[in-house]
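For reference, the structure I am asking about is given below.
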Amino acid sequence: MISKNDTLFARAQLTTPGGVNSPVRAFRSVGGSPRFISRAEGPYFWDADDKRYIDYIGSWGPAILGHAHPVVVKAVQEAAARGLSFGAPTEGEIEMAEEICRLIPSIEQVRLVSSGTEATMSALRLARGATGRDKIIKFEGCYHGHADSLLVKAGSGLLTFGHPTSAGVPQDFVQHTLVLDYNNVQQLEDTFRTMGNEIACIIVEPVAGNMNLVKAKPEFLQTMRRLCTQYGAILIFDEVMSGFRVALGGAQSLHNIQPDLTALGKVIGGGLPVAAFGGRADLMRHLAPIGAVYQAGTLSGNPVTVAAGMSTLKLIQAPGFYEQLSAQTNKLVQGLSDAAKAAGVPFCADAIGGMFGIYFGSNIPTSYAEMLACDKTAFNAFFHAMLDAGVYFAPAAFEAGFVSAQHDDEVIKATVDAARDVFAKATHQ
């Protein structure tokens, strides 16, 4: 019987490059045909052949409440009934800005946009405009969207396909981008000592999620905060992925570090395209219409997407929400690790909040180079075996996974049981 997923993929490739609208979805890294999703609910989604999967990508992070949460769906329906887009201000935009500023103390003012790429790109332009400097620092393996100046040894889809840079990006666009090693404190110190007065900003994922899950060491983040303050550079935390995912106040609240600017996305849209960047009021005042740094967007603050985001932000503030989310994520990674150990498979896992990483190696990686040393072939085999068992992990060894509030003990147990069978079969082949 021909799979409807295969049929749809063949059809999609006729009109869409690679058959997908975002590269990692194409399964090129793991092989085979992508699953075309027809519906989702709670911790599950169903493909075009009506096969159900336990979902651990959660729309790459936004589905923190699970899919199709009734409160969020109702908020979207009510907002849509009032009009889809106005191109004019709404009260809902004010309410979302107030909520973000209240929940993240480092953000005194915020500008809503429509994508994470737009948020990070705008934050970089703001940092350069405010400082009058050109050079920026990013870290190898971190992915901050597909803006030209950031496609330098980036992670995510680019890492998956093994391309260190993107075609179509002129050298002039990236000549001021300095790429350093993630978690390398000495390299940071040396770079600022050499050219600190030329650096406009550092942009960093405080929890990297696009070279799989890699946590920043506390001293790494503390050093960049100190150096940015010392040399007058802007510290930008890219919390598009980690914001409201690892804690209510983002990764910055766990490290007790206040960046100058923060980029947010994913969770704040509740599944619809909303992102934001914000920070110190004196920096944000450089933005048009009151400052000289231009940024605009026709659909920024769209009333339907804001409704989805606001309802999500309210629900995740329920008492004990993050404690329970973290507990379930830890149960998952511990269960997977125990299953692999019992089968003698080199494997380890890590988690923070509702994010997790799985690695086919002996040690949890702390850098891009260490992540590259993991066994990608073993991951690919595991991915397909788990997919056959009805568990959908990210279709690339270099992507973090996500747990939702709907991943209860029964769902976690089903996942671990499937993994135990997969690991056991792998050792007997």
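Determine, for each peptide in 47-58, 169-180, the mean count of other beta carbons within 10 angstrom over its residues, then list the peptides with the highest first.
Top to bottom by mean Cβ count within 10 Å: 47-58, 169-180.
If you don't mind, another one. Using a simple spin-label model with points 7 Å from Cα along the Cα→Cβ vector, what separation in nm is obtained for Ser38 and Gln13?
For the pair Ser38/Gln13, the computed spacing is 2.3 nm.
For region 382-393, take each phi angle, set θ = phi - 60°, evaluate the Karplus expression 6.51 cos²θ - 1.76 cosθ + 1.60, and give the result in whole Hz per residue in order, putting x for glycine and proline.
Going residue by residue, I get 4, 4, 5, 5, 5, 4, 4, 7, x, 10, 10, 8 Hz, with x marking Gly and Pro.
Using Cα atoms only, what is the angle between the long axis of helix 70-82 and the major principal axis of the chain, expressed in degrees (0 to 90) to the nearest 10?
For helix 70-82, the angle is close to 50 degrees.
Next question, about the same structure. Can you give me the angle between helix 91-103 and the longest principal axis of the chain, using Cα atoms only, in degrees from 0 to 90, rounded to the nearest 10?
90 degrees
Under a 1.4 Å probe, what is the accessible area of region 80-234 per residue, stated in Å²?
With the other protein chains kept in place, region 80-234 gives 42 Å² per residue.
Just from its helices, what would the mean residue ellipticity at 222 nm be for the chain, if runs of 4 or more DSSP H residues each count -39500 (n - 2.57) and the sum is divided by every residue, rounded to the nearest 500 deg cm²/dmol?
Computed mean residue ellipticity for the chain: -12000 deg cm²/dmol.
Still on this structure: State to the nearest 20 debye the size of the charge dipole of region 1-130 about its Cα centre, where the only charges are +1 on K and R beta carbons and -1 on D and E beta carbons.
520 debye
At 1.4 Å probe size, put Ser38, Ser106, Ser3 in order of accessible surface, largest to smallest.
From most accessible down to least: Ser38, Ser3, Ser106.
Under a no-solvent Debye model with one identical scatterer per Cα of region 292-429, what's log10 I(q)/I(0) at q = 0.09, 0.12, 0.19 Å⁻¹?
After summing over all Cα pairs, the log10 values are -0.36, -0.59, -1.08.
Here's something else I'd like to know. With every protein chain left in place, what is the accessible area per residue of region 352-396 in square angstrom, probe 1.4 Å?
34 Å²
Compute the signed sum of charges (Lys and Arg +1, Asp and Glu -1) over the other residues within less than 15 Å, Cβ to Cβ, of Pro395.
The answer is 0.
Among Ile202, Asn21, Val76, whose Cα projects farthest towards the positive end of the dipole of the chain, with charges put on the beta-carbon of Lys, Arg (+1) and Asp, Glu (-1)?
The one lying farthest along the dipole's positive direction is Asn21.
Counting Lys +1, Arg +1, Asp -1, Glu -1, what net charge surrounds Phe321 among other residues with beta carbon under 13 Å of its beta carbon?
So the environment of Phe321 carries a net charge of +1.
When ranked by the protection proxy of mean other Cβ atoms within 10 Å per residue, highest first, what sequence do the peptides 190-199, 140-149, 286-295 form?
Sorting 190-199, 140-149, 286-295 by mean packing, highest first, produces 140-149, 190-199, 286-295.
With a point put 7 Å past each Cα toward its Cβ, work out how far Lys217 is from Ala414 in nm, to one decimal.
Once both label points are built, they end up 4.1 nm from each other.
Under a crude label model (7 Å from the Cα following the beta-carbon direction), how far is Ala81 from Lys425 in nanometres?
Between Ala81 and Lys425, the simple spin-label model gives 4.8 nm.
In sequence order, what are the phi-derived ³J(HN,Hα) couplings for region 216-231 according to the Karplus relation 6.51 cos²θ - 1.76 cosθ + 1.60 with θ = phi - 60°, rounded to whole Hz, with x for glycine and proline?
Rounded to whole hertz, the list is 6, 6, x, 5, 5, 6, 5, 5, 5, 5, 5, 5, 4, 5, 5, 9.
Now for a separate question. For the chain, give the percent of accessible area contributed by carbon and sulfur heavy atoms, probe 1.4 Å, rounded to a whole number.
Within the chain, the accessible surface is 52 percent carbon and sulfur.
Same structure, new question: Can you give me the long-range amide H partners of Val113? Hydrogens built in the peptide plane at 1.01 Å from N, cutoff under 5 Å, separation of 5 or more residues or another chain.
The answer is Ala275, Ala276, Phe277, Gly301.
The values are calculated or read from the model by the stated rules, or taken from the named source; none is laboratory data. Just so it is clear, the structure is predicted and the values come from calculations on it, not from any experiment. Don't worry about glycine lacking a Cβ; one is built from the backbone with ideal geometry, like all the others, and counts go over all protein chains shown. Side chains are part of the model used for accessible areas, which takes the heavy atoms of the whole protein and leaves out ligands, DNA and RNA. Shrake-Rupley method; radii C 1.70, N 1.55, O 1.52, S 1.80 Å.
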